[in-house]
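Report on one structure; see the data block that follows.
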Amino acid sequence: MSQAVVDRLTAELGDRILETSDAFGEHEVRVAVKDWVDVAQFLKDDEELQMDHFIDLTAIDHPERESARFDVTLMARSSANGHRIRMRTHVDDGQEPGTLSRIWEGANWAEREVWDMFGIKFKDHPDLRRILLYEEFVGHPLRKDYPIDKAQPLVPYREVTDIGKLPPFGIEEGQPFARIDWEARLAGGDNQVSPAIGVQQGQRRTLSDSEAAQQIQARIDARLAKEAEEGAAAESADAAEQGSGD
Amino acid sequence: MGELKVIGGGGEVAVTTRLSDLLQWARKWSLFQYPFVTACCGMEFMATAAPRYDIARFGAEAPRFSPRQSDVLWVVGTISQRQGPAVRRIWEQMADPKWVIAFGTCASCGGFYDNYTTIPGVDKVIPVDVYIPGCPPRPEAVLDALMLLQEKIQANDRRPVVVPPRQILHNAPGRTRGESS
């Protein structure tokens, strides 16, 4: 759908396109941070491409990478040709890609959101303030090293020892069911849930000994046995056929 | 209405009670509400406020869009950290006596929003009288909450309560099919 865009970019800009990829028809080019604005300007202005529709601009945190921790990605579309393209650049912590808000007006707020959530600054942005969070907030919450349970209340919480809640609302507020003990998992443990949930549920289930895992294993065993049985039956039928044919 | 005493008989009868009981009785049947609606629970709030459930039966049908004129603050939906100061200020602007209903799981305990954005229960910021569990709660649960609140007002009891789940009548007509009783 947008291979034409990739071809045009590689033909016109050559080695400024560092990498191209195609995932199920979604085409992507990677450029260096210094070329970020220029390539975007080319996408918009080129008479063949006419990428006039700014879809989104966002970032991805890769804390495991040695250098260039963030990916900043731009998604753009051409309303004349229907082409879509994704442009990506690797940004190091503290590095500042140029703003695209002079090319597409809509990039203004998207870049503010990226600053708010990831702490990536955009050079020459007209108004780089937090957009979703409040100015008192410290840090950038979508960085993977931001503590998952760290809240920064604007109003200090009331200090009530006996708030008098009854089930279903326990003392342990909230429902941290999505929390995974990543540290333990990366260290090789197979704890599937966070210690908080384990305590809450009075158990610490692991994948290897859970009932669900045993049931799945039993189902797999039964299917394999059935397939083996059917295979044997088919073989014997074949043999009988050949025998009768002779 | 507390303890009622009937005096006299025949053509002229007088009924006496305590002044505080009379006041609480008047309060519980005229609850002007301030809906602080922030999220999807608002849909169920609208359903409750619509004619089918006839919330006027409880004297609580009149919304007042100024906190200074209202008695009950309905916190309907998720309260983000950024909204904390607003909801706190609205509560402070209400005149006493005032009550707070936490409508739905998010307002009660934060629901599944367990992160940097959301206040885990509006009771972290303001005191709550009645919690309505549910995501969202059915209008029947909301009516139960109103009746609980009326009981609390009449008894002058400020301890928080949670609306209990309704008992499901398995043998109710229309619930079972193809079974003869």
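The values are calculated or read from the model by the stated rules, or taken from the named source; none is laboratory data. Just so it is clear, the model here is predicted, and its values are computed rather than measured. As a convention, Cβ positions derive from the backbone with ideal geometry for all residues, glycine included, and neighbour counts pool all protein chains shown. Each accessible area value is taken on the protein alone, full model and side chains, heavy atoms only, with ligands, DNA and RNA left out. Shrake-Rupley method; radii C 1.70, N 1.55, O 1.52, S 1.80 Å.
For this structure, a couple of remarks:
- For the chain pair A and B, the interface hides roughly 2300 square angstrom of accessible area in total, found with a 1.4 Å probe.
- Shape analysis of chain B places it in the oblate category; the axes a ≥ b ≥ c from the Cα gyration tensor give an a/c of at least 1.5, with a/b not above b/c.
- Residues of type aspartates and glutamates that residue A:226 reaches as a straight line, Cα spacing below 15 Å, ignoring anything fewer than 8 places off in the same chain: A:235
- Net charge dipole, segment A:1-137: roughly 100 debye, given to the nearest 20, about the Cα centre with Cβ charges of +1 for Lys and Arg and -1 for Asp and Glu.
- Relative packing of peptides A:84-97, B:115-128 - highest average C-beta neighbours within 10 Å first: B:115-128, A:84-97
- Principal axis box of segment B:70-137, alpha-carbon based, largest edge first, Å: 33, 24, 13
- Think of it as helices only: each DSSP H run of n ≥ 4 in chain B is worth -39500 (n - 2.57), and spread over all residues that comes to -8500 deg cm²/dmol at 222 nm.
- Here is the size of segment A:1-137 from its Cα atoms: Rg then Dmax, 14.7, 48 Å.
- Computed over protein heavy atoms with a 1.4 Å probe, the accessible surface of segment B:1-153 works out to 46 Å² per residue.
- Between residue B:62 and residue B:138, the modelled label-to-label distance comes to 3.1 nm, taking each label 7 Å out from Cα in the direction of the beta carbon.
- Virtual spin-label span in nm between residue A:46 and residue B:147, 7 Å along Cα→Cβ: 7.0 nm
- Set of lysines near residue A:44 by C-alpha distance (under 20 Å), chain-local residues within fewer than 8 positions excluded: A:34, A:123
- Taking the DSSP bridge list for segment A:1-137 and keeping only pairs wholly inside it, about 80 percent are antiparallel.
- Note that segment A:82-154 carries a Kirkwood radius of 13.6 Å, evaluated over its alpha carbons pair by pair.
- Paramagnetic label reach from residue A:4 (point 7 Å along Cα→Cβ; backbone nitrogen cut-off under 11 Å): within segment A:28-53, residues A:48-50.
- Net dipole in debye of segment A:68-138 [+1 Lys, Arg Cβ; -1 Asp, Glu Cβ; about Cα centre; nearest 20]: 400 debye
- Dipole axis of chain B (+1 Lys, Arg; -1 Asp, Glu on Cβ), positive-most option in B:7, B:156, B:45: B:45
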